[in-house]
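Read through the structure below, which is laid out as structure tokens, and then see the notes.
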Amino acid sequence: MILDTMLPRQILQIQIQHPTLKSLMKHRYRQEIPTLGMLGMAKLSTGQTLPLKTGVEVEIIQMDKPTDSLPSDISDNGEEPWDISLRAGRRFIIDGDIDKTEEGWTEAQVKFLDSTTEEEEEVSQASKPSMEDSSGMSTVGDRMSVARAISKAKQFTQPNGNMKNNASLIERWVELAKENERHPGQIDVLLKQLGDIPPEHEPTERALWVGALINPLPSMGVATEIRPQLLVSKKAEQRVQIALEGLLKSIKHMDGSARLW
């Protein structure tokens, strides 16, 4: 489903009317665990938009379940919209070509991504012996990159002298966001959906959690969009840096010290 960039833990609530989408949802809803892939769009410097190659697996957690008598080729011309709730889980990258099925939707082989495995591979790839380097270490990677990512990830939750009352960056963002929420309780619901922030020794998961926090669905309009960058970044340190910069800019926007728009 090419619709919106999502990050793990996010919940998207949509109404669908298109017959093909309804058919896809009905098809997947019959599975024991009803899941499908979700891709967002990337905007090129030329103004052209293309689907991202990296997305998330989403589970259908709520749907107006169609009756068994509903025809598989649903042709209601969009007169009866369905309310759908999707919860994002595992990240994936498309591995191969995207094919269109006879039913009208698209399918592709994907490789699921695991943050711990990615970080372990960063360290092992950076530490491979190399004949090209007199020190005997490969110049392909940086052994300390993941260590720096963990160190930077601490900044999300540790007391910060630049913040009001020495609050952490997350605490300050939540405080300001509650003053800017579109309806009472919006941030409390968001925090409940996301769960606790992952531990600092899981820098990628921390960065993804922060991205889901400051770019909620639907958008609050208090932060720049960082979700596509987080999905396509290859290194933990890059992801943490993207999340840190996005979080700081959002705080400065909401406290009025540096408006984004």
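The values are calculated or read from the model by the stated rules, or taken from the named source; none is laboratory data. Quantities reported herein were computed from a predicted structural model and do not represent experimental measurements. Glycine also receives a Cβ, built like all others from the backbone with ideal geometry; neighbour counts cover every protein chain displayed. Each accessible area value is taken on the protein alone, full model and side chains, heavy atoms only, with ligands, DNA and RNA left out. Shrake-Rupley method; radii C 1.70, N 1.55, O 1.52, S 1.80 Å.
Yes/no matrix, rows are residues, columns are (1) out of contact with any Ser or Thr (no Cβ under 7 Å at 6 or more places or on another chain); (2) assigned to a strand (DSSP E or B); (3) of a type in the set (D, E); (4) more than 17 Å from D83 (Cβ to Cβ):
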site	(1), (2), (3), (4)
K22	yes, no, no, no
Q31	yes, no, no, yes
G37	yes, yes, no, yes
S45	yes, no, no, yes
L50	yes, yes, no, yes
G55	yes, yes, no, yes
V58	no, yes, no, no
Q62	no, yes, no, no
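Here's a check for you: in the stretch 180-190, which residue that is open to solvent by less than 80 Å² (accessible area, probe 1.4 Å) and over 18 Å from the mean Cα position of the chain (by Cα) is farthest from S219 (Cα to Cα)?
Let us first name the residues in the stretch 180-190 that are open to solvent by less than 80 Å² (accessible area, probe 1.4 Å), namely 180-181, 185-187, 190.
When the remaining residues are screened for being over 18 Å from the mean Cα position of the chain (by Cα), the result is 180-181, 185-186.
Values: N180: 12, E181: 10, G185: 15, Q186: 11 Å.
Among those residues, the one meeting the criterion is G185.
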| query | Taking the condition of a type in the set (A, V, I, L, M) and touching a residue at least 60 places away in the same chain (Cβ under 8 Å), does L52 pass? | reply | yes
| query | Here are some residues: E171, E179, E200. Which one is among the acidic types (D, E) and out of contact with any helix residue (DSSP H, G or I) (no Cβ under 8 Å at 6 or more places or on another chain)? | reply | E171
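In the stretch 167-179, how many are open to solvent by less than 60 Å² (accessible area, probe 1.4 Å) and assigned to a helix (DSSP H, G or I)? Break it down into steps so the answer makes sense when it comes.
Taking the stretch 167-179 and keeping what is open to solvent by less than 60 Å² (accessible area, probe 1.4 Å), we get 167-170, 172-174, 176-177.
From the residues that got through so far, the ones that are assigned to a helix (DSSP H, G or I) too are 169-170, 172-174, 176-177.
Qualifying residue count, the stretch 167-179: 7.
Looking at the stretch 233-251, which of the residues that are touching an Asp or Glu at 6+ places or on another chain (Cβ under 9 Å) and assigned to a helix (DSSP H, G or I) is surrounded by the most Cβ atoms within 10 Å (Cβ to Cβ)? If you could, list the steps in order and put the result at the bottom.
We begin by selecting, within the stretch 233-251, every residue touching an Asp or Glu at 6+ places or on another chain (Cβ under 9 Å); these are 234-237, 246.
With assigned to a helix (DSSP H, G or I) added as a condition, the list becomes 236-237, 246.
On the way: A236: 27, E237: 24, G246: 23.
Ranking the candidates gives A236 first.
Return the residues of the stretch 1-20 that are hydrophobic (A, V, I, L, M, F, W, C), open to solvent by 40 Å² or more (accessible area, probe 1.4 Å), touching a residue at least 40 places away in the same chain (Cβ under 8 Å) and part of a loop (DSSP other than H, G, I, E, B); say none if nothing qualifies.
Passing the criteria: none in range.
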| remark: If we ask which residues in the stretch 139-166 are closer than 17 Å to R206 by Cβ and in a helix (DSSP H, G or I), their number turns out to be 12
| message | So if I check each of T157, T204, T224, which one is touching a Lys or Arg at 6+ places or on another chain (Cβ under 9 Å), at pLDDT 95 or above and within 18 Å of R259 (Cα to Cα)? | response | T224
| Can you name every residue in the stretch 49-70 that is modelled with pLDDT under 55 and surrounded by 11 or more Cβ atoms within 10 Å (Cβ to Cβ)? | P66, L70
| remark: Those residues of the stretch 82-139 which are under 30 Å from Q193 (Cα atoms) and either touching a Phe, Trp or Tyr at 6+ places or on another chain (Cβ under 9 Å) or at pLDDT below 85 (or both) amount to R90, R91, F92, I93, V110, K111, F112, L113
| Which residue pairs have Cβ atoms under 7 Å apart, sit 6 or more places apart or on different chains, and have a first residue in the stretch 199-220 that is within 16 Å of R148 (Cβ to Cβ) and a second that is polar (S, T, N, Q) and surrounded by fewer than 21 Cβ atoms within 10 Å (Cβ to Cβ)? | E202/S115; T204/S115
| remark: Of (1) outside any helix (DSSP H, G or I); (2) at pLDDT 95 or above; (3) surrounded by fewer than 16 Cβ atoms within 10 Å (Cβ to Cβ), Q193 satisfies every one except (1)
| Identity of the residue in the stretch 144-166, polar (S, T, N, Q) and without any contact (Cβ under 8 Å) to a residue 12 or more places away in the chain, that ends up surrounded by the most Cβ atoms within 10 Å (Cβ to Cβ) | S151
